[in-house]
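This report refers to the structure that appears directly beneath it.
What follows is calculated from the coordinates using simple rules that are stated; it is not laboratory data. Predicted, not measured: the structure shown is a model, and the values here were computed from it. Heads up, the Cβs are rebuilt from the backbone with ideal geometry, glycines too, and the neighbour counts pull from every protein chain shown.
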Amino acid sequence: QDLDTNPCAGQWKNMDDAKTRKAWGVYDETGIFIAVCRHGTCLLIADMVQSGERAKYPLAVVSKLMTAFSDGLGGGYDIGCRFQTTLARSTLGPQAQVLNHTCLVGAFHGHAHRRLCQLSHLTLYVEGLGLEDLETCEHTFSKSNMLASTVRYATAFHRQQAINAYFEHNDHFEIYANLTNFLFDNYKQALTIIHDSKTILPNLKRDLSIDDDDSIFYRWLEEEKEYLEGLSREPPEETLHMEYWQRLGKFEASSQRLREILDTWSVFEPVDATTYSDDTRVTWRNETLCRHAQENYDKDLLVVQELEHKLNISRRWVPEDKEWQNAGRLVANQEYRRVLDNLESLVVARLFELTKMNRAGTGYKLRKHIAKALQSRSAAIKVMLEHYNKCALAVRPPCQTLQWEQVVEYAFLANFDLLRDTCEDISQCPWAHPTARFAMDTYFKMRRAEEEIVCLNIKIRRVVTYMHDEDRFLHTCEEKIGNIYPALAHQQFNGSHLKRLHDIAMLPGFSGILHPGESIFKGSGEGDIEPDIIIPPCLLAPLQPPPSQPLHEDTHEELEDEDDAEREVEEATHMLQDVLEVSFDPE
């Protein structure tokens with residue numbers, strides 16, 4: 001997608017290298033850029049060095065991920081639409097195109113993007129994505145942010161060591177432990193969405209007088225996209241016409257000001273030296289005003305003449321001309337859209353601040369600060385709303401005015417984009433009707449839930465297969481080395497996983513398979529491949545011969561110490577056995 005046609009090209013500033021270089025260049029490390037899978041496992045971590053969130057970090061991450069996972073990869077990024085253009089223009093562009101890499105936008109950040117951008121990148125409309133919201137990094141950072149205070153003054157080595165240790169612990173003891181909980185919650189959510197959608201959607205179709213052909217929702221989506229693409233920037237000639245109209249207005253104002261000054265005469269009759277001096281100062285001030293008015297007149301006249309030369313205008317426009325009136329309408333429409341953009345940005349900021357204020361981990365002082373910002377933000381929205389309504393009535397034909405209650409309920413910003421066209425009446429378009437839009441979203445959410453069920457059925461069987469292969473692998477290892485060197489091996493969390501998998505199988509509407517499959521990988525321990533047992537040489541070393549000199553007999557105190565040590569070892573063994581029994585107990 002070309003940067004010039006990207007609807008969000010000029011909206012995001014966090015990848016502006018010039019700004020981030022100045023703001024963060026004084027710090028050696030300013031943070032980390034990570035990539036996580038949908039379950040929360042950390043895949044890659046990149047240090048951001050002496051800079052903010054520059055484009056080189058996601059480019060490096062995407063390069064590594066494409067090398068590791070090959071084709072068909074999709075990644076969510078809060079400015080994924082803009083990054084798609086950056087990726088296409090980089091040296092990775094051809095590789096990303098061959099491997100069919102897709103840049104997406106998370107569900108939370110996506111609703112702050114232009115509606116045209118949402119139709120291509122929002123999770124609700126992406127085929128095959130399921131119910132994934134692509135906001136796992138936000139969940140990850142909400143936990144890892146507590147680590148920042150402990151590494152703020154650490155050396156570079158100890159900082160990386162602490163970050164690596166945290167994510168390793170998080171992957172092994174939290175993400176893996178909650179893996180089947182994730183599958184269970186998503187399965188239950190998908191079944192609920194499908195059930196509710198199949199109950200609501202037929203009623204909506206009946207209200208809209210449409211048949212059971214679901215392709216109409218795709219047609220509506222395509223019609224909306226075509227409509228929004230038609231709301232492009234003004235052609236250069238129209239832009240010059242609007243500038244010429246505005247310059248004519250300024251020229252008329254400066255001409256009127258000059259005429260008023262030249263037509264004003266002041267006659268002074270000096271009585272004495274004092275009044276003569278005062279009259280002289282007044283004369284100089286009036287002459288200065290006249291000179292300034294003449295300079296402004298000449299400057300505005302020169303600009304008007306240059307525009308007339310560019311537009312090949314032989315006769316200067318006057319208010320009675322049709323061209324004058326058309327250009328005036330274009331300027332009114334432009335001002336209307338500009339005010340609408342400002343109103344939209346204020347509402348977006350309000351939504352984000354409300355979300356932050358109610359987010360876990362937000363302290364009392366920060367909540368109070370956000371609350372004050374919301375009060376001022378609401379006042380600014382009211383002022384901008386009044387300005388918007390004036391501009392909406394000034395255009396021809398007049399546009400829809402808004403009330404305060406309507407604006408504060410704009411949780412999704414698609415409604416703002418439907419107000420942008422001032423020429424075409426879209427109220428008769430079916431996809432612009434609130435009921436039709438709700439039906440569209442309900443249908444696509446149901447489709448994503450059905451895709452999620454298909455994906456989860458595959459993942460559930462993979463988990464069962466992995467646990468089955470791991471259990472067989474450990475038992476085979478135990479049988480092979482049990483006679484050589486007894487070893488203790490136990491599995492983590494598999495008991496809770498088995499219980500949660502049983503809960504998934506009991507869900508009404510479950511359509512998956514819990515029977516283990518066959519791993520396509522052929523490494524050690526995978527499928528029917530026999531494990532490669534490697535025993536450390538230190539365990540195979542021959543026993544040392546007994547010493548030639550007899551050892552002295554133990555004293556009474558030494559024997560008591562040995563008995564105490566044996567009792568401690570025995571107690572520790574019993575405790576470990578209890579832990580293992582609890583871990584393997586399915587109840």
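Quick one: pull the percentage of alpha-carbon pairs in the range 55-191 with a separation above 21 Å.
For the range 55-191, the share of Cα pairs beyond 21 Å comes to 56 percent.
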Quick one: 3J(HN,Hα) in Hz for the range 159-176, Karplus 6.51/-1.76/1.60 with θ = phi - 60°, rounded, Gly and Pro as x. 5, 5, 5, 5, 5, 5, 5, 5, 5, 5, 5, 4, 5, 7, 10, 10, 5, 5
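To the nearest 20 debye, what charge dipole does the range 164-252 have about its Cα centre, counting +1 at the Cβ of each Lys and Arg and -1 at the Cβ of each Asp and Glu?
That gives a dipole near 260 debye.
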Ignoring solvent entirely, what values of log10 I(q)/I(0) come out of the Debye formula for the range 236-317 at 0.13, 0.14, 0.25 Å⁻¹ when each Cα is a single scatterer? -0.55, -0.59, -1.11
Please give the length that would be gained between Phe173 and His195 if that part of the chain were fully extended, namely 0.36 nm times their separation in residues minus their C-alpha to C-alpha distance (nm, one decimal). 4.5 nm
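Arrange the peptides 149-158, 125-134, 172-181 so that the one whose residues have, on average, the most other Cβ atoms within 10 Å appears first.
Per-residue Cβ counts within 10 Å, averaged per peptide and sorted highest first, yield 125-134, 172-181, 149-158.
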Spelling it out for Leu44: with amide H atoms placed in the peptide plane at 1.01 Å from N, the residues 5 or more places away or on another chain with amide H under 5 Å from its amide H are Ala35
Starting with the highest mean, order 326-334, 207-215 by the number of other Cβ atoms within 10 Å, averaged over the residues of each peptide. 326-334, 207-215
Gain in length, Ile210 to Thr435, computed as 0.36 nm per residue apart minus the alpha-carbon separation, to one decimal in nm? 79.8 nm
Give the long-range amide H neighbours of Thr102: residues separated by 5 or more places, or on another chain, with amide H under 5 Å away, using H modelled in the peptide plane at 1.01 Å from N. Leu73, Gly74, Gly75
Amide H partners (placed H, <5 Å) of Ser51, local residues excluded: Thr30
Expected sort for 182-189, 82-89 on mean C-beta neighbours within 10 Å, highest first, is 82-89, 182-189
